[in-house]
Amino acid sequence: MKSEIIIVYVPHGTGGVRSVTENIATEISRKQYNVSIQSSFLSLLLAVIKYRLDKFNVFGILSLSSGVLSFLFNGSVFIIHGYPVKPFYGPIRTNVLINATRIAKFGGARLVSVSHLARNIHQRIYGINVDKVIYNGVNSDFFEISFTDVVKEKIVFYIGRLQPSKGIETIIHAFLNSSLPKQGYRLVFAGDGPLRNLVQTYSSESDSICYLGSVDNQAKRDLYSKSEIFISLYDFEAMGVVFAEALMASCKIVFPIACGASEFIPSYYSHAKCDPYDVSSVSEALERVTKDPIPMLMESDKEKFSYEKIASDYLNVLKA
């Protein structure tokens, strides 16, 4: 019998994609599968050729540009992490991303989307059929957060890329225009990006705004644990792991009316939707959730974000 190996493409320098694929690879390995992690297009190409020459049955979990190599595998899954969003993607990059997905499908890969929103865009706009939707998960340390140990402070928390598409300026103006500063709340930012100087300026001018810069995983989890409210305004977020992390940490959530997080934030959980382009709408949403008790995510909903389960889901698709 031929030996089997699963090659997982874990790209360098792509934060969210790297974290997701790395966690999937780790959990598949724990299930006693032979796993090889490749972090560049060239190393992936050389690895699959080597294993095929050594008579292995080679399976792949691919994403991004690596999808064009799907025809080399005995079976593969291609993960759709998102979609080109204007004006941040030019025509060349847009075509590369869409065509990489088409080629992956043509080469025999089964397509998995991280949200129904991403699936619908690919099926209804690009005409590419998607086989399955599997949400991204959260790191295992978020499962260690106990609701009985949660002690919330009056913090509105944002973590992520500091860029215009995330609604950073709107978050700042909405917070300052709301009643929250007078109630003793602070707006805390963690992360880096092109709007770093803007956030630093507001932080130096207002005692109610704090900028922490980039933080490690332990500090990130601690910030979620003590923050009462989490906010992000990226209206075309394909899935949004940050929202899943906020759920696991019992943060109240403020988010756009239309985004991928709408699919998995339960109706029973404290949240408020807003128009991310309307400062008053965001202010009202922030004020609304302050009146809610601290929420708790049900165990059955937590399970959606377990990489142990997610890895099993990917294996089922891969071997289908």
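General observations
- Neighbour-count ranking [beta-carbon atoms within 10 angstrom, fewest first] of 239, 298: 298, 239
- Three principal axis extents of the range 115-215 based on alpha-carbon atoms, in descending order, are 50, 36, 26 Å.
- Sequence-distant lysines (8 or more away, or on other chains) whose Cα lies within less than 24 Å of residue 252: 152, 154, 166, 182, 220, 226, 273, 291, 302, 304
- Order of 290, 170, 201, 101 - criterion: other Cβ atoms within 10 Å of each residue's Cβ, fewest first: 201, 290, 170, 101
- Stretching the chain fully between residue 106 and residue 34 yields a gain of 23.3 nm (0.36 nm per residue, less the alpha carbon separation).
- Rg/Rg_globular for the range 31-172, with Rg_globular taken as 2.2 N^0.38 Å and Rg from C-alpha atoms: 1.32
- Take the Cα of residue 18, step 7 Å toward its Cβ, do the same at residue 300, and the gap between the two points is 3.8 nm.
- Positive minus negative residues near residue 140 (Lys, Arg vs Asp, Glu; Cβ under 14 Å): -2
- For the chain, the calculated P(r), taken from all Cα-Cα distances in 10 Å bins from zero up to the bin holding the longest distance, is 6, 26, 31, 23, 11, 3, 0, 0 percent.
- Centre-to-centre separation between the Cα atoms of the range 111-126 and those of the range 290-306: 26 Å.
- Fewest neighbouring Cβ atoms within 10 Å first, the residues 296, 248 line up as 296, 248.
- Measuring spread by the Cα atoms of the range 20-115 yields a radius of gyration and Dmax of 14.0, 46 Å.
- Spatial separation of Cα centroids for the range 44-75 and the range 194-235, in angstrom: 40 Å
- Residues of the range 148-186 with amide N under 20 Å of a point placed 7 Å along Cα→Cβ from residue 292: 148-159, 171-172, 174-176, 178-181, 183-186
- Cα principal axis extents for the range 142-268, largest first, Å: 36, 32, 30
Bear in mind that the values in this text are calculations on the coordinates, not laboratory data. Keep in mind it's a predicted model, so treat the numbers as computed, not measured. Positions of Cβ are generated from backbone atoms using ideal geometry, with glycine treated the same way; all protein chains shown enter the neighbour counts.
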